[in-house]
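What follows is a short report on a single structure.
Values in this text are rule-based calculations from the coordinates and carry no lab data. This is a predicted model, so every value here is computed, not measured. Cβ atoms come from the backbone with ideal geometry, glycine included; neighbour counts cover every protein chain shown.
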Amino acid sequence: MLEVRDSHAYIGQTYVLKGVSLEVRHREIVALIGANGAGKTTTLSTISGLTRSRRGKILFRPDPDATQRDITRVPAEEIVSMGISHCPEGRQVFSDLNVWENLLIGAYLRKDKQAIQSDLQWVCELFPILGDRRRQSAGSLSGGEQMMLVIGRALMSRPRLLLLDEPSLGLAPILVEVIFEMLEQINAQGTTILLVEQNARMALELAQRAYVMETGRVTLSGTGRELAENEEVRKAYLGAT
Amino acid sequence: MVGYIAQQLVNGLILGSMYALVAIGFTMIYGIIRLINFAHGDIVMIGAFVTLGLVISGQIPFPVIIILVILAGALMGIIIERAAFRPMRGAPQVTGFITSLAVSILLQNLGILLLTAQPRNFFCPDYLQTVFNLGSVSLRTIDLAIVVIAVVLMVFLVLLVRFTRLGMAMRATAENLKVALLMGININRIIMLAFAIGSGLAGVAGMMWGARYGQIDPLLGFVPGLKAFVAAVIGGVGSIPGAMLGGYLLGFAEVLFVGLLPPIYSSYRDAFVFIILILILLVLPTGLLGRKMEEGV
Ligand SMILES: Nc1ncnc2c1ncn2[C@@H]1O[C@H](COP(=O)(O)OP(=O)(O)OP(=O)(O)O)[C@@H](O)[C@H]1O
Ligand SMILES: [Mg+2]
């Protein structure tokens with residue numbers, strides 16, 4: 001579905017991605033883990049078009065029988081409409097907008113009014129709290145509710161591929177459980193997920209496959225279980241001694 | 001005495017309407033791209049001259065003139081954004097500010113070149129000059145028109161921003177440009193729109209300025225630009241209702257200051273305006289209706 005081939009990217013003058021390659025297959029959950037500053041967020045940004053890579057290719061095929069497209073130079077808004085939704089790190093709701101408007105703006109590029117309504121319903125079934133709070137300003141929600149809102153908002157563009165950047169950040173463990181269960185459910189309903197996480201234990205448990213990044217490069221890859229049992233990964237990311 | 005105060009309040013309302021219209025554009029542009037647009041006042045000047053040109057050129061009905069002036073202002077805003085500010089996008093805030101100073105100087109000198117620095121009398125059709133009395137308050141039709149037009153335009157704008165899809169996109173872009181981009185919002189279009197709306201309102205304020213003061217010159221934009229800046233900051237820069245509130249507060253404060261104190265102090269009224277500004281910012285650093293903002297693009 002998605003193929004990142006030898007991607008090199010700079011942020012300002014800093015050489016951040018030094019040749020990242022990874023692949024996401026249809027209906028998978030793929031985790032991308034690594035220490036702070038490894039370049040995980042930047043990797044997602046190059047996919048969604050917020051950051052331009054200097055070298056390398058990014059290829060995307062929304063459905064197994066669709067034609068593959070090179071999206072390396074495609075503008076961000078077109079990437080959204082092709083079916084990639086990037087949910088950025090840090091629960092960035094639009095706090096001036098109410099909950100309902102936040103969800104609607106997720107569907108900004110869509111013209112199919114009726115399908116938007118049914119997707120609103122679907123999101124409110126996933127996260128009933130959002131329906132209950134629809135008139136409330138998003139800034140007044142709790143951290144967990146805001147996380148649900150940004151995921152819901154990302155789903156409103158009807159993505160084939162959802163890019164999630166650290167959904168567990170700053171949430172109580174019990175809430176993280178809830179969010180991860182939701183991700184599993186969203187995936188089961190047909191959305192492919194590329195998940196960046198600091199919480200490596202949970203991410204490796206959830207994901208079918210995973211990549212480990214260190215200072216701008218992918219250093220390890222394998223199934224979630226393989227990596228969870230890998231000696232180095234256990235030491236570096238799972239707190240084993 | 002009551003009549004005198006009533007008259008001053010009406011004057012404040014008129015002045016405040018003009019300040020509010022100019023302040024809105026200032027605040028919208030800052031709200032979206034964090035640009036302190038020093039050239040915004042010069043659109044007022046352009047609006048005044050366009051109006052004068054249209055009035056002189058013949059029998060164009062007043063409502064049509066209003067629409068044409070708004071369009072002219074909007075067009076100027078779009079051109080300036082495209083030519084001067086878009087290439088500076090992403091540069092530090094101070095670069096944008098200096099660019100706007102350059103645009104301001106350019107527009108003023110272009111004005112002097114084309115129109116000479118000589119102040120010109122602003123013709124107002126007779127039917128707009130009719131004076132009528134409401135109790136002890138006397139008003140010209142144009143004064144009434146200024147207030148009504150300003151209020152109608154502001155109500156339109158508030159409805160647009162609050163209740164339309166486009167308004168939602170504008171609010172989202174003003175709050176978080178990066179995430180707005182991720183929603184698929186065409187940010188360039190939203191920025192262009194902010195310049196168009198803001199400059200259109202400044203243009204129509206120029207028509208009002210000329211009608212109110214009777215004389216216009218290519219440098220007249222400085223004062224309304226500065227007042228709009230103050231009004232926007234008082235109201236909380238980035239907030240449209242704040243700019244409106246700030247504009248009217250400033251209008252009233254200025255008129256009452258001039259009206260109630262002995263005439264020898266009236267030339268200090270601009271100093272007084274800045275004292276109000278400083279006092280408000282000491283108590284409320286983000287202005288009356290503003291909220292904390294992170295630095296943007
Ligand atoms: N705005 C910026 N200016 C300069 N350098 C930056 C900027 N943003 C990120 N970087 C650098 O790019 C590198 C990769 O950053 P990135 O955010 O992609 O890492 P990350 O893996 O997502 O880290 P984290 O786990 O902390 O979110 C870091 O070394 C960081 O210092
Ligand atoms: Mg990150």
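Simple spin-label model, 7 Å along Cα-to-Cβ: B:Leu115 to B:Leu160 in nm?
Reported label-point gap for B:Leu115 and B:Leu160 is 2.4 nm.
Determine the equivalent ellipsoid of the protein assembly as shown by diagonalising the alpha-carbon gyration tensor, then write out the semi-axes as square roots of 5 times the eigenvalues, largest first, rounded to whole Å.
54, 23, 21
What does a probe at B:Ile276 reach in the stretch B:202-227, counting residues whose amide N is under 11 Å from the point 7 Å along Cα→Cβ?
Zone members listed by number: none at all.
Please compute, over every Cα-Cα pair in the stretch A:2-237, the percentage with a separation greater than 30 angstrom.
22
Cα centroid distance between the stretch B:10-50 and the stretch B:174-234, in Å?
With the stretch B:10-50 and the stretch B:174-234 each reduced to a Cα centre, they are spaced 5 Å.
Hey, what's the Cα Rg ratio for the stretch A:66-141 versus the globular rule of thumb, 2.2 N^0.38 Å?
1.27
Which angle between 0 and 90 degrees, to the nearest 10, do you get for helix A:173-188 versus the longest principal axis of chain A when only C-alpha atoms count?
90
Quote the FRET efficiency, to the nearest 0.05, computed for B:Val223 versus B:Asp126 with a Förster distance R0 of 30 Å and r equal to the Cβ-Cβ distance.
0.60
Let me have the relative contact order for the stretch B:1-145, percent, based on Cα pairs under 8 Å that are six or more residues apart.
30 percent.
Kindly provide the helix-only [θ] at 222 nm of chain A, computed as the sum of -39,500 (n - 2.57) over DSSP H runs of four or more divided by all residues, to the nearest 500 deg cm²/dmol?
After summing the helix terms and dividing by residue count, I get -11000 deg cm²/dmol.
Tell me what chain B gives for mean residue ellipticity at 222 nm when only DSSP H runs of n ≥ 4 count, each as -39,500 (n - 2.57), the sum divided by the residue total, rounded to 500 deg cm²/dmol.
When only DSSP H runs of four or more count, the value is -24000 deg cm²/dmol.
Which of the peptides B:275-281, A:24-30 is most tightly packed, and how do the rest follow, going by the mean number of other Cβ atoms within 10 Å of each residue?
A:24-30, B:275-281
Pairs of Cα atoms under 8 Å, at least six residues apart: use those to get the relative contact order of chain A, whole percent.
Reported as a whole number, the value is 27 percent.
So what's the gap between the Cα centers of the stretch B:93-155 and the stretch A:108-149, to the nearest angstrom?
Taking the Cα centre of each part, the stretch B:93-155 and the stretch A:108-149 sit 45 Å apart.
Just need the relative contact order of the stretch B:122-251 here, percent rounded to a whole number, with Cα pairs under 8 Å and 6+ apart.
17
Compute the angle between helix B:62-80 and the longest alpha-carbon principal axis of chain B, please, reported from 0 to 90 degrees and rounded to the nearest 10.
Relative to chain B, helix B:62-80 is tipped by roughly 40 degrees.
Counting only DSSP beta bridges with both residues in the protein assembly as shown, tell me the antiparallel percent, nearest 5.
60
Report, in cubic angstrom per residue, the convex hull volume of the C-alpha atoms of chain B.
Hull volume over Cα atoms, normalised by residue count, gives 136 Å³.
Would you tell me the mean number of C-beta atoms belonging to other protein chains that fall within 10 Å of each C-beta in B:183-190, as a whole number?
For this peptide, the per-residue mean of nearby foreign Cβ atoms is 6.
Between A:Arg25 and A:Gln117, what is 0.36 nm times their sequence separation minus the Cα-Cα distance? Round to one decimal in nm.
Full extension of this stretch gives 30.2 nm more.
In degrees between 0 and 90, to the nearest 10, how far off the longest principal axis of chain B does helix B:222-235 point, with axes built from Cα atoms?
Taking the Cα atoms of chain B, the angle to B:222-235 is about 70 degrees.
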